[in-house]
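The structure under discussion appears below in the form of structure tokens.
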Amino acid sequence: MITTEYDDSKTWSGLPAPDGWMIVERRADGLMWVRTVSNPISVIEDITVKEDGKHWLHVSVARQGKHKNQLPTYEEINLIRKLFIGDHRECYHIFPPKERWVNFANVLHLWSCLDEPDGVLPRFEGLVEFQDVRTGERLQKLSV
């Protein structure tokens, strides 16, 4: 008999398992989680090597229950990012051209390159100069 041990204390990417979430399915390439508090949400996380030869963390997010026909909110996606990808990694939500678009349901996907946690895109941040409409004062702010 072969016994496989699972570590339920961590996400597939190695972050601490989030409170209020439960693993409902173990796959060869990842885990499926369901939030057990508040509005139910499912998350599937997997790691694969893509065409660029790099390890990519993929996190799919879908609402469940009576809200399953609605896309997750920005706040929910941001929470998922923090819990399953981490604040220390850059991640992307991709809008591919129509010929590469795949949609099975109201599911959103986040991608993070584990080999380059600071990201693979150029830096878009910079100082933006603007005028405060109330005071007329010229200000600068760091923006993306």
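Taking (1) touching a His at 6+ places or on another chain (Cβ under 6 Å); (2) of a type outside the set (Asp, Glu); (3) modelled with pLDDT of 95 or more in turn, Ser60 satisfies each apart from (3). Counting only residues that are of a type in the set (S, T, N, Q) and surrounded by fewer than 11 Cβ atoms within 10 Å (Cβ to Cβ), the range 21-64 holds 1 of them. Can you spot a residue in the range 33-48 that is among the hydrophobic types (A, V, I, L, M, F, W, C), in contact (Cβ under 8 Å) with a residue 12 or more places away in the chain, under 26 Å from Val120 (Cβ atoms) and touching a Leu at 6+ places or on another chain (Cβ under 7 Å)? Yes, because at least one residue in the range 33-48 is among the hydrophobic types (A, V, I, L, M, F, W, C), in contact (Cβ under 8 Å) with a residue 12 or more places away in the chain, under 26 Å from Val120 (Cβ atoms) and touching a Leu at 6+ places or on another chain (Cβ under 7 Å).
Condition test on Ser112, is it buried (at least 17 other Cβ atoms within 10 Å of the Cβ), of a type in the set (Ser, Thr, Tyr) and in contact with a Gly (Cβ under 9 Å, 6 or more places away or on another chain)? Yes; evaluated as a whole, the condition is true for this residue. The set of residues from the range 7-64 being on the phi > 0 side of the Ramachandran plot and over 18 Å from the mean Cα position of the chain (by Cα) comprises Ser38, Gly53.
Does Pro122 qualify as being free of Cβ contacts under 8 Å to residues at least 24 places away in the same chain and either within 28 Å of Val61 (Cβ to Cβ) or acidic (Asp, Glu) (or both)? Yes, satisfied. Taking the range 14-46 as the range and being at pLDDT below 90 and more than 17 Å from Gly65 (Cβ to Cβ) as the test, the residues that pass are Arg27, Ala28, Asp29, Gly30.
How many of the residues making up the range 64-108 are of a type in the set (Asp, Glu), free of Cβ contacts under 8 Å to residues at least 24 places away in the same chain and assigned to a helix (DSSP H, G or I)? Final tally of qualifying residues: 2.
If you filter the range 65-108 down to residues that are surrounded by 14 or more Cβ atoms within 10 Å (Cβ to Cβ), under 11 Å from the mean Cα position of the chain (by Cα) and over 19 Å from Asp19 (Cα atoms), you find that the one that is modelled with the lowest pLDDT is Leu108. The number of residues in the range 115-136 that are assigned to a loop (DSSP other than H, G, I, E, B) and surrounded by 11 or more Cβ atoms within 10 Å (Cβ to Cβ) comes to 5.
The values are calculated or read from the model by the stated rules, or taken from the named source; none is laboratory data. Keep in mind the model is a prediction, meaning the values are calculated, not measured. Positions of Cβ are backbone-derived with ideal geometry, glycine not excepted, and every protein chain shown enters the neighbour counts.
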